[in-house]
Amino acid sequence: MASAPEKSKIPRHVALIMDGNGRWARSRKMLRAMGHREGVESVREIVRVGSEVGVEFLTLYAFSVENWQRPAAEVATLMRFLESFLKNEVPELHRNNVRLHAIGRLNDLPKRVQAQLHKSIEATKENTGLTLILALSYGGRVEIVEAVRSLIREVQEGRLDAAQIDENAFSHHLYTRYYPDPDLLIRTSGEMRLSNFLLWQLSYTEIYVTKTLWPDFRRAEFLAALADYAGRQRRFGKV
Ligand code: IPE
Ligand code: IPE
Ligand code: MG
């Protein structure tokens, strides 16, 4: 079995666009819901492997603001899987010393999901290993707009001098203020687009796109992405 690159070459923060559940199901003549169900298994495995190899932050794009426009039955299925994942996964998160966080317009989620989310976050808050960040009802543009509103409020209330707004101050008003920017972005299913994910934070992130559909993205595929990243030369605009 392939092994992980040496620790110094492991990205601190991996962001992942989990795409292709529907196509995975369709290719098996199954309902899209079956693809989402199998996708949950991939989440489990990727969190486990990420913890094992020493990734510190793993941000999973699980539901976008645009995904609310899918048929109501599919949205309901996704919310049901999300709720049961949040509920059933806590022992496994503890076993892996994983702390759960979430970013996005969390108030848009059904009340039951919100309640379970906060419960699982609370239950895992003392864990000191990998931080698993679920992006739920997440949109990169709305995140930026909300940051602008919050900065304006602080200026209006006299708590911030507009002249002091710089990139660092701005970053501190994003949902992701507690985390470093992602080092590696992985997108499954071959689509070459960001789909409104972490627009500000990905400015110097290494991108890895694989044709593998999310339900098939498991240990070997993740290690292949990490090996690819380990061979990259990051220049940040310098020579
Ligand atoms: C990813 O799979 C899951 C979510 C976006 C919630 P899709 O449901 O987008 O699957 P495809 O892209 O239609 O195959
Ligand atoms: C991106 O996948 C959102 C998530 C993975 C949650 P989509 O399937 O929604 O994106 P598009 O429609 O292909 O851009
Ligand atoms: Mg998709």
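Please identify, among LEU117, LEU106, LEU93, the residue showing maximal mean-square fluctuation in a Gaussian network model of the chain using a 10 angstrom Cα cutoff. Residue with maximal mean-square fluctuation among LEU117, LEU106, LEU93: LEU106.
Going toward the positive end of the dipole of the range 47-151, with +1 on Lys and Arg Cβ and -1 on Asp and Glu Cβ, which of LEU130, GLY50, LEU100 do you reach last? Farthest towards the positive pole: LEU100.
In debye to the nearest 20, how big a dipole does the chain give about its Cα centre with +1 on each Lys and Arg Cβ and -1 on each Asp and Glu Cβ? Its charge dipole is roughly 640 debye. Over the chain, the fraction of Cα-Cα pairs per 10 Å bin, rounded to whole percents and listed from the shortest bin up, is 7, 30, 37, 20, 6, 1.
Of the residues LYS9, LYS29, the one with the fewest other Cβ atoms within 10 Å heads the list, and the complete ranking is LYS29, LYS9. In this Cβ point-charge picture (+1 for Lys and Arg, -1 for Asp and Glu), the range 171-222 has a dipole of about 120 debye about its Cα centre.
Exposed loop sites are taken as chymotrypsin sites (Phe, Trp or Tyr not before Pro) in a DSSP loop (any state but H, G, I, E or B) with at most 15 other beta carbon atoms within 10 Å; the longest stretch of the chain without one runs 1-177. When you restrict to C-alpha pairs under 8 Å that are six or more residues apart and normalise by the size of the chain, the relative contact order lands at 30 percent.
Placing unit charges on the Cβ atoms only, positive for Lys and Arg and negative for Asp and Glu, gives the range 1-104 a dipole magnitude near 240 debye about its Cα centre. Amide H contacts of ILE133: LEU58, THR59, LEU60, HIS101, each under 5 Å away and 5 or more positions distant or on a separate chain (H built 1.01 Å from N in the peptide plane; Pro and chain starts excluded). May I ask for the distance between the Cα centers of the range 13-27 and the range 179-225, given as a whole number of Å? Here the two parts' Cα centres lie 10 Å apart.
Give the residue from MET79, TRP24, VAL40 lying farthest towards the positive end of the charge dipole for the chain; charges sit on Cβ (+1 for Lys and Arg, -1 for Asp and Glu) and the dipole is referred to the Cα centre. Of MET79, TRP24, VAL40, it is TRP24.
In whole percents, the pair-distance distribution calculated for the range 19-160 from its alpha-carbon pairs, binned every 5 Å from zero, is 2, 9, 16, 19, 18, 15, 11, 5, 3, 1, 0, 0. The calculated 222 nm mean residue ellipticity attributable to helices in the chain amounts to -13000 deg cm²/dmol, summing -39500 (n - 2.57) over DSSP H runs of n ≥ 4 and dividing by all residues.
A short reminder: the numbers here are calculations on the coordinates, not readings from a lab. What you see is a predicted model; the values in this text were computed from it and never measured. For neighbour counting, all protein chains shown are included, and Cβ atoms are generated from backbone atoms with ideal geometry for every residue, glycine included.
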